[in-house]
Amino acid sequence: MPQSPIWVAIGRQLRNPSGFGGRLMALLMAVANRRSNGIAIRALACSPGDTILDLGCGSGPAVKALADMAGQGLILGIDHSEIMLARAWRHNRYAVRRGRVRLLRGRIDALPCRDDAIDGILAVHVVYFAGEAGVREARRVLRRGGRIVVVATDRSAMARWKFAQPSTHELFDRPGLADLLVRGGFATSGISVTPIKLAFGVLGLLAIATK
């Protein structure tokens, strides 16, 4: 059955926010992802001098929280949405001016970072759009011993949401998410995937992979 154009449009906005719909999506995502960001930041367990990359940083709430934690470190936020980056700059402008935060426009599968340059990576609700190429890029920029923390909604919950269509979202269960990380170059022995509760009690997944 053909999907309603409204749900298709919402799915596309989640993938790449733009225009008025993108500005509205930025507000909604900042609220909906608050718990997920907190879970991911705690799991990342960064040190004060770390260089941290927030993949798909959106409007920048996790970037701000990380900058407050990593007192002498550098926080990089990357997103391919101009609207999201503009909002992220407003939320983090003081840290940007002090050189503590850098905001970059780019794609997850073509990161503007050197090899082995990043201590930790945050990937909150972006794995649906990353694919194997995005995971390989994340591993490439991680230093040896660095980790990526992935938070995603479990397939069993997300499959019920009409905006999550194959044209915009790839869905994952525990084995599927672990398999993606392995295909992206991480060793099975360095991967853990556990079920978690997200906002409103939605079933989610917390994946940690160490290089």
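Show the residue pairs meeting these rules: Cβ distance below 8 Å; 6+ apart or different chains; first residue within the range 35-49 and touching a residue at least 12 places away in the same chain (Cβ under 8 Å); second residue open to solvent by 50 Å² or more (accessible area, probe 1.4 Å).
Short answer, once both residue conditions are applied: N37/P61; I41/M69; L44/R147; C46/M69; P48/M69; P48/Q72; G49/Q72.
Pairs only if they're at least six apart or on different chains, beta carbon under 6 angstrom, first in the range 60-80 and under 20 Å from I108 (Cα atoms), second among the acidic types (D, E); list them, first residue then second.
A62/D54; V63/D54; G77/D54
Filter the range 115-142 down to the residues that are touching a strand residue (DSSP E or B) at 6+ places or on another chain (Cβ under 6 Å) and of a type outside the set (A, V, I, L, M), then identify the one that is surrounded by the most Cβ atoms within 10 Å (Cβ to Cβ).
Filtering first and then ranking leaves G120.
Condition first: part of a loop (DSSP other than H, G, I, E, B) and among the basic types (K, R). Now tell me which residues in the range 70-109 satisfy that.
R98, R100
Looking only at the range 149-163, filter to residues that are open to solvent by 10 Å² or more (accessible area, probe 1.4 Å) and touching a residue at least 40 places away in the same chain (Cβ under 8 Å); which one of those is nearest to S81 (Cα to Cα)?
Per the criteria, the residue is F163.
Got a sec? Which of P166, P112, P195 is outside any helix (DSSP H, G or I), open to solvent by 30 Å² or more (accessible area, probe 1.4 Å) and under 26 Å from S47 (Cβ atoms)?
On inspection, the qualifying residue turns out to be P112.
If you scan the range 66-75, which residues turn out to be surrounded by fewer than 24 Cβ atoms within 10 Å (Cβ to Cβ) and at pLDDT 95 or above?
Listed by number, the list holds a single entry, L74.
Taking R147 as the residue in question, decide whether it is modelled with pLDDT of 95 or more, in a strand (DSSP E or B), more than 16 Å from the chain's Cα centre (by Cα) and closer than 22 Å to S192 by Cβ.
Taking the combined requirement at face value, the residue does not satisfy it.
Quick one: which of R140, R136 is more than 21 Å from N37 (Cβ to Cβ), assigned to a helix (DSSP H, G or I) and in contact with a Cys (Cβ under 9 Å, 6 or more places away or on another chain)?
R140
Can you pull out every residue in the range 78-109 that is among the aliphatic types (A, V, I, L, M) and surrounded by 19 or more Cβ atoms within 10 Å (Cβ to Cβ)?
I78, I83, M84, L85, A88, A95, V96, V101, L103, I108
Filter the range 102-118 down to residues that are more than 22 Å from G131 (Cα to Cα) and in contact (Cβ under 8 Å) with a residue 40 or more places away in the chain, then give me how many there are.
Matching residues across the range 102-118 total 1.
Is the range 180-188 home to any residue that is at pLDDT 95 or above, of a type outside the set (V, I, T), open to solvent by 50 Å² or more (accessible area, probe 1.4 Å) and under 27 Å from A32 (Cα atoms)?
no
The values are calculated or read from the model by the stated rules, or taken from the named source; none is laboratory data. The structure displayed is predicted, hence computed values, not measured ones. Heads up, the Cβs are rebuilt from the backbone with ideal geometry, glycines too, and the neighbour counts pull from every protein chain shown. Side chains are part of the model used for accessible areas, which takes the heavy atoms of the whole protein and leaves out ligands, DNA and RNA. Shrake-Rupley method; radii C 1.70, N 1.55, O 1.52, S 1.80 Å.
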